[in-house]
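In what follows, a structure is listed as structure tokens, so that the remarks can point back to it.
The values are calculated or read from the model by the stated rules, or taken from the named source; none is laboratory data. What you are looking at is a predicted structure, and each value in this text was computed from that prediction instead of being measured. Cβ sites come from the backbone with ideal geometry, for glycine too, and all protein chains shown count toward neighbours. Side chains are part of the model used for accessible areas, which takes the heavy atoms of the whole protein and leaves out ligands, DNA and RNA. Shrake-Rupley method; radii C 1.70, N 1.55, O 1.52, S 1.80 Å.
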Amino acid sequence: MSSREVLGQAARLASSGLLLQVLFRVITFVLNAFILRFLSKEIVGVVNVRLTLLYSTTIFLAREAFRRACLSGGTQRHWSQTLNLLWLTVPLGVFWSLFLGWVWLQLLEVPDPNVVPHYGTGVAAFGLSAVVELLGEPLWVLAQAHMFVRLKVIAESLSVILKSILTALLVLWLPHWGLYIFSLAQLFFTAVLVLCYVIYFTKLLGSPESSKGQVLPVSRMTDLLPSITRSRAFVNWEEAKLTWSFFKQSFLKQILTEGERYVMTFLNVLNFGDQGVYDIVNNLGSLVARLIFQPIEESFYIFFAKVLEREKDATLQKQEDVAVAAAVLESLLKLALLTGLTITVFGFAYSQLALDIYGGAMLSSGSGPVLLRAYCLYVLLLAINGVTECFTFAAMSKEEVDRYNFTMLALSSSFLGLSYLLTHWCGSVGFILANCFNMGIRITQSLRFIHRYYQKSPHRPLASLYLSPVLLGAFALSGGITAVSEVFLCCERGWPARLAHITVGALCLGATLRTVFLTETKLIHFLRTQLAVSRLADKTT
């Protein structure tokens, strides 16, 4: 498969995933806003910070390294060995679930049972849900490697929606159940997620089209189970070594990704109520990152991993592939920069209004608006970092990955210390400032790698980080106008004034986007081309 065909598949996967995720996220957003009005801040803090951290840590440590290693392989591989390696995530998940569950129950502060009942059950349920989800890992990797459009998005979004519906019903009917509600909802979520993949592959492998076209490297569901053959080793040891390298990196990356939750959980710098407010604002602020940046990062990581060869310099690879990768990277960086800058500029003037609509006075008063404004700046850095690390991790050699681990180690240590200090200095916003600092360092590391990678080639993808003075002026003018509008129209002057404030923002946003269309013609051409490819691919499938 040529690099341009792989690019078409990646663009198709990203665009389809984006549209579906927007639809499902809107439904989930409404359900969560409804649920939020029936919960205390303490319940939200324990569930969204303490228990979710247990689940995400178990999942991340058990599978992240396996995913990256198994998706980085070329087309010439023995899938039975890859599947055997992926099944090792299940016993690893059991180990992490038991160990972390003991830590959560024995070493951490236990919430007041009168305020947050059934904490022990919640710890057990969230740990078990992580193990259940790992049972579907071989199916997930197989689907991602073959770029099955919509499967991942539909499975995850459907699971989240059904979980939110179940939570809303239980909160209304049985509010005294406490953490029983969220324990049942979490187990239901992972069961539905795995079941979606099992049903899809069962139907696909049982269809006559699959057997004729040989779409997959397996012909029946039993081929997905662990198998031992005398002719080959149980696992591919090169993939196993790469997994270990990524595991060391993933352990540190998890500290950076969830660092503020670890500080809150282990150092008790905020009470459970403040943790709840911070987490709600954090989730609301990262909504665009999950909707737009994450599908793009995951899809184009696969593209770069398939097109570029590890261990080889850009000058030693097929130049057509290198040129396509450079063009894609340049356009993705420009898209991330413009999207993040738009969120930052307009988010400052509309943070308080957004929080008031979403959660009422509990969020819009106090530190909520300041937190969301700071997060808007963080989203800009998240956008750029997602694209740069997407390319960097796909192109790095094993030795470079190992060297990067040392940088991540120093970064994780500084992050934890900086978070603790900034939190004591300026409250919960210190977490976001510490994240911005560390994200800036990660971006710098990735930019250095990209610069060295293309230094001896004629391609300069990093040039996309420069914006024209006209476009920068449009952003600055929009930011000033919306800031003045917020002072005079928002947010205690009633809905007519709020609607006027929204209208001002819409007009400024329209003018800014118009400037983007006139000045960034290369990016617009790339987006139109990939959208046309995606539509053509949809018609032919």
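Listed values, structure above:
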| read-out | value |
| --- | --- |
| Whole-number percent relative contact order across the chain, with pairs defined as alpha carbons under 8 Å at least 6 apart | 21 percent |
| Span-like helix ranges in the chain, DSSP H, alpha carbon extent 30 angstrom or more, Kyte mean at least 1.6 | 151-173, 179-206 |
| Between region 107-166 and region 320-397, the alpha-carbon center distance in angstrom | 25 Å |
| Charge context of VAL47, other residues only, Cβ under 14 angstrom, K/R +1, D/E -1 | +2 |
| Region 269-461 - charge dipole about Cα centre, Lys and Arg +1 at Cβ, Asp and Glu -1, debye rounded to 20 | 380 debye |
| Per-pair calculated FRET efficiency, R0 = 60 Å: VAL487 and ARG232 via Cβ, rounded to 0.05 | 0.30 |
| Normalised per residue, the volume of the convex hull around the Cα set of region 395-541 (Å³) | 231 Å³ |
| Extension reserve of the LEU187-VAL115 stretch, reckoned as 0.36 nm per residue once the Cα distance is removed | 23.6 nm |
| Förster radius 35 Å - calculated FRET efficiency between TRP425 and LYS312 (Cβ-Cβ, nearest 0.05) | 0.15 |
| Cβ-defined net charge surrounding ALA374, 15 Å radius [Lys, Arg +1; Asp, Glu -1] | -1 |
| Separation of the ASP223 and THR529 label points, Cα + 7 Å toward Cβ, nm | 3.6 nm |
| Cβ-derived FRET efficiency at R0 25 Å, TRP173 paired with VAL26, nearest 0.05 | 0.50 |
| Probe 1.4 Å, protein heavy atoms only - accessible area per residue of region 269-461 in square angstrom | 36 Å² |
| Exceeding the 19 Å Cα-Cα cut-off - candidates LYS312/LYS398; LYS163/LYS203; LYS318/LYS456; LYS248/LYS334; LYS306/LYS334; LYS312/LYS456 | LYS163/LYS203; LYS248/LYS334; LYS306/LYS334 |
| Spin-label model distance (nm) - SER286 vs GLU320, 7 Å beyond Cα toward Cβ | 4.1 nm |
| Distance in nm between pseudo-label sites at LEU158 and LEU507 (7 Å out along the Cβ direction from Cα) | 4.6 nm |
| Segment LEU499-SER457, extension gain: residue separation times 0.36 nm, minus the distance between their alpha carbons | 9.9 nm |
| Dipole magnitude (debye, nearest 20) for the chain, charges at Cβ of Lys, Arg, Asp, Glu | 1120 debye |
| Cα centroid separation - region 294-315 against region 449-495, whole Å | 27 Å |
| Cysteines, the chain, no other Cys beta-carbon under 4.7 Å | CYS70, CYS196, CYS376, CYS390, CYS426, CYS436, CYS508 |
| Of all accessible heavy-atom area on region 269-461, the percent that carbon and sulfur account for (1.4 Å) | 63 percent |
| Per-bin percent of Cα-Cα distances, region 269-461 [5 Å] | 1, 8, 14, 17, 16, 14, 11, 8, 5, 3, 1, 0 |
| Zone of GLU399's modelled label, taken as backbone nitrogen in region 411-454 under 16 Å from a point 7 Å along Cα→Cβ | 453 |
| Quotient of C-alpha Rg and 2.2 N^0.38 Å, computed over region 467-540 | 1.55 |
